[in-house]
């Protein structure tokens, strides 16, 4: 039976015509908003305790390393088990971690090492949550509304990225870390409560009996077979290592280059999120015809924005540039995510989207460690500004190569070989 609300929404917002998606969407916003409270608090507290780029970079390493190492197993679980139950279990686990973190801060026994330990467990849960959320998103809408659902999820992620740092900034500036981590628990608790009431569209779990290693590799093989999924994954990987990972240096960049207290880096995060929110809204329109070439083209101004940002010394100008950076960051990544989502089969979706999560977040530990070593006085001593500028140039070079090669392939296809009788 056709949905009576189907034509009451613009194409970019068509997923909102489905009740289950609306419910899931609200819960997802609550969880993501809480995550940003937690994420900003981790960075600010580590910067306060150590005042060193390498320690802050290690925080990113331990948070996202599980995504790199465990992420494929999270995707395998999303393909094999009940996705709704997995979703609820991960939300419950995050609630427990937030309680532990609040307790450690409240009794004043927190240390850099303990921050790394609890952050590692957050990353461990997220390595499963990421592919599950992306698979569940696809199971709350029919296939024709998938691009709308993906774009709206990106919009939710970046709306929380604006509100989270903006609301957390006064808390971290006044060392109210137990409050910010409590709000994380409230957010995932609300997501857990809402998630119990959703019903997913029917999907066929993967029920083959081949060994685990072969099933994991099956996701890689499937991505290689479904052109241009693998090329999109590689592009996202390069942008994550040499672009996204620059956030590890924003506390030191804020204090050393912009001459502000390091806690004000939260406002840079809010500015990036605001631009990303606008970019997600725009992506909802042009992802209707998503392509690798379009995703790569949108990444060029992203890299250029980072390059300009690295040369800025005024805080207000830096905020405006981060709005620009955020816009093209999410516009490019959302387009590439839609490219991947649209070409994969549903019984491989969890595994392939775990590869996307690895490309997007799992490689951040590598990029963060590289940037920390390049910037820190214990490494190459380039400083935060020069490191951001250099890595932005590397990212720009690869993105331009992808654009040129794909444009040439589209407009100058190789001639077909003559067939012989």
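The values are calculated or read from the model by the stated rules, or taken from the named source; none is laboratory data. None of the values given here were measured: they were computed from a predicted structure. Every residue, glycine as well, gets a Cβ built from its backbone with ideal geometry; the counts of neighbours run over all protein chains shown.
Candidates in region 202-233 are the residues that are modelled with pLDDT under 70 and more than 22 Å from residue 137 (Cα to Cα); of these, the one that is surrounded by the fewest Cβ atoms within 10 Å (Cβ to Cβ) is 209.
Working only within region 359-385, note down all residues that are buried (at least 19 other Cβ atoms within 10 Å of the Cβ) and in a loop (DSSP other than H, G, I, E, B). 363, 376 - these are the residues of region 359-385 that are buried (at least 19 other Cβ atoms within 10 Å of the Cβ) and in a loop (DSSP other than H, G, I, E, B). May I ask you to verify whether residue 154 is within 17 Å of the chain's Cα centre (by Cα) and buried (at least 23 other Cβ atoms within 10 Å of the Cβ)? It is true that residue 154 is within 17 Å of the chain's Cα centre (by Cα) and buried (at least 23 other Cβ atoms within 10 Å of the Cβ). Restricting attention to region 216-234, the residues that are in a helix (DSSP H, G or I) and in contact with a helix residue (DSSP H, G or I) (Cβ under 6 Å, 6 or more places away or on another chain) total 10.
Within the set 333, 328, 356, the sole residue that is surrounded by fewer than 24 Cβ atoms within 10 Å (Cβ to Cβ), under 30 Å from residue 220 (Cβ atoms), touching a residue at least 24 places away in the same chain (Cβ under 8 Å) and under 17 Å from the mean Cα position of the chain (by Cα) turns out to be 328.
For region 216-246, residues that are under 20 Å from the mean Cα position of the chain (by Cα) and free of Cβ contacts under 8 Å to residues at least 40 places away in the same chain total 1. The condition (being at pLDDT 85 or above, under 22 Å from residue 38 (Cβ atoms) and in a helix (DSSP H, G or I)) is satisfied by just one residue among 189, 269: 189. Within region 143-166, the only residue that satisfies the criterion of being out of contact with any helix residue (DSSP H, G or I) (no Cβ under 7 Å at 6 or more places or on another chain) and farther than 25 Å from residue 74 by Cβ is 144. Candidates in region 107-139 are the residues that are touching a residue at least 60 places away in the same chain (Cβ under 8 Å) and part of a loop (DSSP other than H, G, I, E, B); of these, the one that is nearest to the chain's Cα centre (by Cα) is 139. Could you tell me whether any residue of region 85-93 is touching a helix residue (DSSP H, G or I) at 6+ places or on another chain (Cβ under 7 Å), on the phi < 0 side of the Ramachandran plot and modelled with pLDDT under 85? No: region 85-93 contains no residue that is touching a helix residue (DSSP H, G or I) at 6+ places or on another chain (Cβ under 7 Å), on the phi < 0 side of the Ramachandran plot and modelled with pLDDT under 85. Filtered by the rule that a residue be over 21 Å from residue 129 (Cα atoms), assigned to a helix (DSSP H, G or I) and over 20 Å from the mean Cα position of the chain (by Cα), region 45-83 gives 45, 46, 47, 48, 49, 50, 53, 54, 55. Remark: residue 169 matches the filter, which requires a residue to be under 19 Å from residue 101 (Cβ atoms), modelled with pLDDT under 80 and assigned to a helix (DSSP H, G or I). Applying the set (1) more than 21 Å from the chain's Cα centre (by Cα); (2) without any contact (Cβ under 8 Å) to a residue 60 or more places away in the chain; (3) surrounded by 24 or more Cβ atoms within 10 Å (Cβ to Cβ) to residue 253 leaves exactly one unmet item: (2).
Across region 273-297, the number of residues qualifying as buried (at least 22 other Cβ atoms within 10 Å of the Cβ), at pLDDT below 85 and part of a helix (DSSP H, G or I) comes to 9.
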